[in-house]
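Before any comments, here is the structure.
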Amino acid sequence: MSVRAVAPRLRAELRSLRTALATPAASHEPLLGHASSRVVRRLPYVVAFLFTVVLLPVTIQLLSNEYRLQGGLAGALGVTQAAPLLLAVTRPLPAWWIIFTADVLGALALLTADGNAGRPWPWPPAVIVGYLVLCLALALRESRRTLLAVWLVTVAASLVLGFVSPELSEGTNVLLIVLSGVVLLLGATLRERAEAQRRLAEQETISEAERAQRTLLEERARIARELHDVVAHHMSVITVQADSAPYRISEMPEAAREEFGSIAATARESLTEMRRLLGVLRSEKTRGERAPQPGLERLDQLVEATVRAGVPAELDISLPEGEDGAADEVSAPAPTVTLSAYRIVQEALANVVRHAPGAQTRISVTAPQGFLSVLVVNGPSPEPEAAPLETAGTGHGLVGMRERVRLVGGSLEAGPLPDGGFRVAARLPLRPPVTALEEPHDTAEDTGPEDSGQDRQRADRKRNKQSQQSQQKQQGKRRQDKHRQSKRKQGKKDSKDTRGSATA
């Protein structure tokens, strides 16, 4: 290879080394700052402070008394050669520039000193100790290229000073070259090994998280598959049978036709919710359809469906009203609270249908002293000879109610009554605390972690407005309560007649 071909490459390498010396590491974190132990994190500060406290007076004393430098010059050199060790804890490369420049100037100053004969030159012992500590700090922070540039500059300065005054050189220049190279190499090796171990630990953590995520996705896929193959199939069969029953069975009473129509409508609604759930289970990126969530305005429909199932139920809703008869905007419950109240009543009525068919049930919703109170009380089943739909429950319904209440910062009491009935009482705040986890409301825009607080406030105001509009509609429905109450009193008798006609 010719000299002309090597020269450009050599110049490029020299420029690269010069750039490395002029570009310190981007991180200004203290050395060993990532250590978990507080003692280890404070260790670099302690070491730097001790060496500074020891080397500063020793260097000044050595230069002024042994080498007989002027007191002011000796003090300035001692400070610039020892004090920057404190800076090396966070910025070792700028500290190296200061100390190395001071060491070279000190070596040149010692050439004219009166007491340099027979003394170590160009590097006194205190200079060598401080420089090795600085090299260790550099090795723990800077890149390989920067360390190589530092060592080459050290070699060049030591050799040049040795040639300047060979008669004064005591071999300390060669000693510094060897020791600095060893310290830089060992420090870089330790740092790279620690970084490799840290990356390995991070990869193991990531792998563990990925395995857990994969297990979760597989379990969700399995649940979705089971729901689709079993539950969705049976619900589809129920829908088809209920829809086709009036056509398959001749001379069916009108009450039975309405009952089958209600069964089909409920089954279709369940299938719709099942499809949304399957979409969420199969993919995390799937977003549910934006449909209004049920609230207090749909309790009437829920109670009517329960009455048609053979459970005589009465609903009493008493909320504060404004001067115009509409719901009070200030005391109106938040949408998350009304949704939780609806789900609690829904689960409580479902338990009555399953475990105490035909039991007299009373639902009361009030708003005393800034809270929404939901009370569902049922008596014993009037037909003890008829076995309930379920003789034992899993308890998941009560667990779900407690979780909903906890999410909005409320309280729940549920337990049997002395007469054989059951009581569910929930106390929910009208405005849940900010720290409470709110259930997503499909009518509002989905917000992510990057959304600002103003966006969330606008979404909350929108949900509150929709809730107020729904409650105003509810006020209009309450004007027909007398007619509905009289209709519900006949619920039990009508349901028995319907079941008898269907059986016939």
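The values are calculated or read from the model by the stated rules, or taken from the named source; none is laboratory data. What you see is a predicted model, and the numbers here were worked out from it, not measured in a lab. All Cβ positions, glycine included, derive from the backbone under ideal geometry; neighbour counts span all protein chains shown. Surface areas here come from the heavy atoms of the whole protein model, side chains and all, with no ligands, DNA or RNA. Shrake-Rupley method; radii C 1.70, N 1.55, O 1.52, S 1.80 Å.
Give the carbon-plus-sulfur fraction of the accessible surface of the range 22-107 in %, rounded to a whole number; probe 1.4 Å, heavy atoms of protein chains only.
70 percent
Starting from the 7 Å offset along Cα-to-Cβ, what nm value, one decimal, do you get for the label separation of residue 42 and residue 427?
Modelled inter-label distance: 4.8 nm.
Obtain the nm distance between the two label points defined at residue 32 and residue 237 by a simple spin-label model: each point lies 7 Å from its Cα along the Cα-to-C-beta direction.
Here the answer is 7.1 nm between the modelled labels.
From the phi angles alone, apply the Karplus equation (6.51, -1.76, 1.60; θ = phi - 60°) to the range 209-217 and give each ³J(HN,Hα) in whole Hz, x where the residue is Gly or Pro.
Values per residue, Gly and Pro as x: 5, 5, 5, 5, 5, 5, 4, 5, 5 Hz.
Whose amide H sits under 5 Å from the amide H of residue 360, counting only residues 5 or more places off or on another chain, with H placed in the peptide plane?
Here the answer is 379, since their amide H atoms fall under 5 Å of that of residue 360.
Using Stokes-Einstein with the Kirkwood hydrodynamic radius over Cα pairs, what translational diffusion coefficient do you get for the range 150-261 at 20 °C and a viscosity of 1.002 mPa s, in µm²/s rounded to a whole number?
Rounded, D is 95 µm²/s.
Within the range 138-173, which residues have the backbone N less than 11 Å from the label spot 7 Å out from residue 23 along Cα→beta-carbon, could you tell me?
Within reach of a label on residue 23: 146.
State in Å² the accessible area per residue of the range 190-244; use a 1.4 Å probe, count heavy atoms of protein chains only, and round to the nearest integer.
Accessible area per residue: 75 Å².
Compute the accessible area per residue over the range 1-98, keeping the other protein chains in place, probe 1.4 Å, unit Å².
63 Å²
Using square roots of five times the C-alpha gyration tensor eigenvalues, list the equivalent-ellipsoid semi-axes of the range 1-106 in whole Å, biggest first.
That gives 33, 25, 9 Å for the three semi-axes.
Given R₀ = 45 Å, what would the calculated FRET efficiency be for residue 160 paired with residue 204, taking r from the Cβ atoms and rounding to 0.05?
0.35
With label points built 7 Å along Cα→Cβ from the Cα atoms of residue 175 and residue 230, find their separation and express it in nm.
8.2 nm
In whole Hz, with x marking every Gly and Pro, tabulate ³J(HN,Hα) for the range 31-42 from phi via Karplus 6.51 cos²θ - 1.76 cosθ + 1.60, θ = phi - 60°.
Couplings: 4, 6, x, 8, 5, 6, 7, 5, 5, 5, 5, 7 Hz.
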